[in-house]
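Okay, structure first, notes after.
Nothing in this text is a laboratory measurement; each read-out follows from the coordinates by a stated rule. Since the model is a prediction, treat every value here as computed from it, not as a measurement. Reconstructed Cβ throughout: ideal geometry from the backbone, glycine too, with neighbour counts over all protein chains shown.
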C-alpha cells in the first residue's frame, strides 16, 4: 500500500494464540461494514515463557497469522509491538502506524469489554486523536450505560456474538488435534508440526461437587471477561493454606482490574467469601483469596517473570476446557 494514499485502515491487536476463524470474521466484517482498505493484524509483544506454558513464542504466533491470512490481499501483519518488545500501549502503536501511513484514516478494532475500559487506557486522549474505534457487541447487544471521554468516536460492528475462547481451542487441540472447525487447516497443521499447546500432566475432573462448582464459577468469570491462558493447579498436597491456585493473564492493567471485579462479583453471587484482594497497584500482578482457591491475575510480562507454574511444578493440573464445558452446560 502506498504510504501517501488516503486510505482507511483497521488496526486489530491481540495475542492471536492461536489466530482463529473468529478473528478472521471480525476483520472481514470490519472491512466490509466500514469500507476499509486494509486490516493490520498486530500481535501483542510478550516475554518468552517456559516450555510448559500454553503460550507460544512471538515467531510461532506470527507464522500462524501468516498462514491464516494467506491469500487475503487486504490483510497484513504489523510487527511494531513485537519489534519494540516489552509492554506496548495502543497510543504508541497507533502513532507508529500513523507515521507509516500519514494520510490514512485509522480505526482501532476492539471488543465490547475493552470498550468499557477505554476511559482508563493510557493516553487515551492522544489515541483518540489518531484513531476512531470499531467495537464488537458485548453479549450480542450494543454497549449501554457507560460513559466515555467525549473525544472518543465509537462505531458498533453489526455482527452476531462470537463466543470463541482461545483457552477452549487449546483444550480441543489436545482432545482432537487433527480437526478443529474454529481454525484454518494450515494453522492446525502448523500446530501439529511444531507440537504447540501440548497439555502438561493433567487429571480428569475427579472433584467433589463443591470444589468443582467453585472452579467452574472462577473459570467462567475469567473466560467471559476475556482472560487468557487459564491454568488450575491442585495444590492441596503441597499447600496448607489453599486447595487450588488459578492463574490467568490479562492484556493490560485495566483488563486485569476488570477480571478482578467480575471474579469478585461472580464469587459473591455464589455465596463464596473473598477473604482478601489486593488493591491493584499497577504492578502487573493481582491476587484474590477465596480460601479454597487463590486466583492470580497477571500481565504476560509479569507472568513470565514470576513463573508460578514452575514454583508449583509438582501440583496436578486440572483440565480447564472440561470445566468451562460443564459450566456452560449447567447454565
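Expressed as a whole number of Å, what is the distance separating the alpha-carbon centroids of region 223-260 and region 62-104? Cα centres, region 62-104 to region 223-260: 29 Å.
Here each label is just a point 7 Å from Cα along the line to Cβ, and for residue 84 and residue 105 those points are 2.5 nm apart.
Eigen-decomposition of the gyration tensor built on the alpha-carbon atoms of region 8-156 gives equivalent ellipsoid semi-axes of 24, 18, 17 angstrom, largest listed first. What's the exposure ranking of 252, 96, 186, going from fewest to most Cβ atoms within 10 Å? Ascending Cβ contact count within 10 Å gives the list 186, 96, 252.
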